Amino acid sequence: MTDFLIAKWKIWYKSLDVNHDGKISFEDVEESRNKFTDLHNLVGEKSSGVKVDMEDWWNTYIFPTKGAEISEEEFLKMLGDQYKADKAAFNAKMSDCFNKIFDVIDTNKDRSIDLDEFIYAFKAFGHENEDIVKKAFSLFNPTKNTVPLRTVVDSWIAFVTADEAGKDDIIKKAFES
Ligand SMILES: [Ca+2]
Ligand SMILES: [Ca+2]
């Protein structure tokens, strides 16, 4: 486990602290899913379905136990323990993690992420500065403001699993810009 990877996990932790209060808790789940459904104007069953999917995602991949608050130190230890126990299983879990959340983020289900979906997802996770988010999106070399879902998901998987710097460090660059 390299310092490079741990530094990225710290960025990830910060990016999940939606209300910027220094810790990840159920309040971040509430805020992100409410923002997300509002931005996409989802109502009724569609809105409640997305809210359930999002809560499941946080409970499966982020919280140590259902809805339990987690500090940065605990988060880094949790990921580190999973990584050390079985790297292949860790990679598989992170792959599931980002495939699942982007299934939600791809609201029109066209297996692509367009600029609006990208902006709304970042806003929902507390990143409001549209200029920075647009700059981040451009790192994916979009065609007609659209990037294949696979490309975005793979970048996130590399972000949380790759020990060394590589050509696919888009997410790291995005958070540094
Ligand atoms: Ca928080
Ligand atoms: Ca889409």
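Each value in this text was obtained by applying a stated rule to the coordinates, not by laboratory testing. Small disclaimer: the values here were computed from a predicted structure and weren't measured. A quick note on method: Cβ atoms are made from the backbone with ideal geometry, for glycine too, and the neighbour counts reach across all protein chains shown.
For this structure, a couple of remarks:
- Using R0 = 41 Å, the C-beta based FRET efficiency linking N59 and K135 works out to 0.80.
- Table column - 3J(HN,Hα) (Hz), the range 134-147, Karplus curve with 6.51, -1.76, 1.60, x for Gly and Pro: 5, 5, 4, 4, 5, 4, 7, 6, x, 9, 6, 6, 9, 10
- Label separation (S71 vs E128): 2.9 nm, computed from points 7 Å beyond Cα along the C-beta direction.
- Of the trypsin sites (Lys or Arg not before Pro) in the range 92-177, those whose Cβ has at most 13 other Cβ within 10 Å and which sit in DSSP loop: K109, R111, K144, K167
- Our helix-only sum for the chain, with -39,500 (n - 2.57) per DSSP H run of n ≥ 4 divided by its residues, gives a mean residue ellipticity at 222 nm of -21000 deg cm²/dmol.
- Spin-label model, M78/D154: points 7 Å from Cα along the beta carbon direction are separated by 2.9 nm.
- Relative contact order for the range 1-125, counting Cα pairs under 8 Å that sit 6 or more residues apart, in percent: 31 percent
- Efficiency of FRET between K10 and A92 - r from beta-carbon atoms, R0 22 angstrom, step 0.05: 0.45
- For K10, the aspartates and glutamates whose Cα comes closer than 12 Å to its Cα, not counting residues fewer than 8 places off in the same chain, are E72, E73, E74.
- Only lysines eight or more places from K144 in sequence, or on another chain, were considered; those with a Cα closer than 29 Å are K35, K46, K100, K109, K123, K134, K135, K167, K172, K173.
- Cα-based shape type of the range 71-160, given that a ≥ b ≥ c are square roots of the gyration tensor eigenvalues and the cut on a/c is 1.5: prolate
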